[in-house]
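Read the structure below first, then the notes.
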Amino acid sequence: MARLRVVFAFRPRKRFHGARIMRVDQLSAIARAHLGERYEFQTMELFRAGQPRRQRQALKALRGAVVVFLKGSGACFDVDGLARLRAETAGICIDHVDAVVGLGPIYPIADLHIFSSHAGMRAMARRVPGEAAFVTHHADPRILTRDHRAAEAARPGYFGADFNTVVPEALKPHFDQADFAFSEDFDHALARMPEVNLHWAIRDQGWRGDPPLPAWKPFTKGFNAAWAGANVIADRGEDDAVEYLGEDYPYLAEDASEPALMNAFARAEATVGGEEWRRGLERMAAVRARSAPNVVAAELNAALKRFV
């Protein structure tokens, strides 16, 4: 029996973005390793809008496949291209990740909407056209796990673009802050990550807009921290923080205000290496288990079964 072909597609401008590396290249590799006997997984860089020849080539390559568009990547297709996608593919999916849900020409014709945030899934599962499925946002598989249970000092670090976070000025001298916005920068951050035992997962809440846009962030920084063997400081109000860490996780900040963040860091600093610290690491081990590649692959398989 021929395997169903599944193509993870992205737009050219996402070529060097972390979302493309993780939710196209890495996710397809995870899928290939765990589901390769059932499906044939491929990736495809699409084209810029207004390129009819490239559109024809893409449509030919996608014929008969299930297409998983990264965020709004399908916006490059014109009206005729959208009609052919609908008629000639085996299925159309959008992996929304953290994009605003409801925009773009693919949205109303998608058979399946994939969410990687539980908050987003709860909010939108019954509102999207088509069906909805949850597929955990995995950690970067290049991260090396270090045992930090007997740590003698808190070594905080932030791994992400500076404009996405808030760090109180008083804490910045303590921080290993690896600013990166593109995938190649993360390679340098990976070398520093094993020394960090307290990851900073605080987000500047201004990203959502006022009024808030329908967009939700997966707990990726928490997953990366878990796979690094570290504890994490997270905002209780962050979309999926409590979902994974639990209400009683010791280093949850009450909000993203400076006093709350300073309190969360002071608690970590005071308890490092002790019973509370180790209890936090046990919770992070549970987060690691929930974001393991076999779990991600099983969720993806459950999402794709409807096309078989």
Residue 134 passes all but one of the listed conditions (1) at pLDDT 95 or above; (2) touching a strand residue (DSSP E or B) at 6+ places or on another chain (Cβ under 8 Å); (3) open to solvent by 10 Å² or more (accessible area, probe 1.4 Å); (4) farther than 19 Å from residue 238 by Cβ; the exception is number (4)
Write out, first by first residue and then by second, each pair whose Cβ atoms fall under 8 Å of each other, whose residues are 6+ apart or on separate chains, and whose first residue, in the range 52-77, is under 24 Å from residue 135 (Cα atoms) while the second is of a type in the set (Phe, Trp, Tyr). 66/307; 68/8; 69/10; 70/8; 70/10; 73/10
Could you go through the range 267-283 and let me know if any residue there is part of a helix (DSSP H, G or I) and among the β-branched types (Val, Ile, Thr). yes
Counting only residues in the range 137-155 that are closer than 17 Å to residue 233 by Cα and either touching a strand residue (DSSP E or B) at 6+ places or on another chain (Cβ under 9 Å) or among the charged types (D, E, K, R) (or both), the one surrounded by the fewest Cβ atoms within 10 Å (Cβ to Cβ) is identified as 149
Within the range 115-125, is there a residue that is assigned to a loop (DSSP other than H, G, I, E, B) and open to solvent by 20 Å² or more (accessible area, probe 1.4 Å)? yes
If a residue has to be within 30 Å of residue 4 (Cβ to Cβ) and either in contact with a Pro (Cβ under 7 Å, 6 or more places away or on another chain) or open to solvent by 30 Å² or more (accessible area, probe 1.4 Å) (or both) to count, how many in the range 263-305 make the cut? 9
Failed condition for residue 33, given (1) surrounded by 14 or more Cβ atoms within 10 Å (Cβ to Cβ); (2) aliphatic (A, V, I, L, M); (3) out of contact with any His (no Cβ under 7 Å at 6 or more places or on another chain), with all others met? (1)
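The values are calculated or read from the model by the stated rules, or taken from the named source; none is laboratory data. Keep in mind it's a predicted model, so treat the numbers as computed, not measured. Backbone-built Cβ (ideal geometry, glycine too); neighbour counts: all protein chains shown. Heads up: the accessible areas ignore ligands, DNA and RNA and are worked out on the full protein's heavy atoms, side chains in. Shrake-Rupley method; radii C 1.70, N 1.55, O 1.52, S 1.80 Å.
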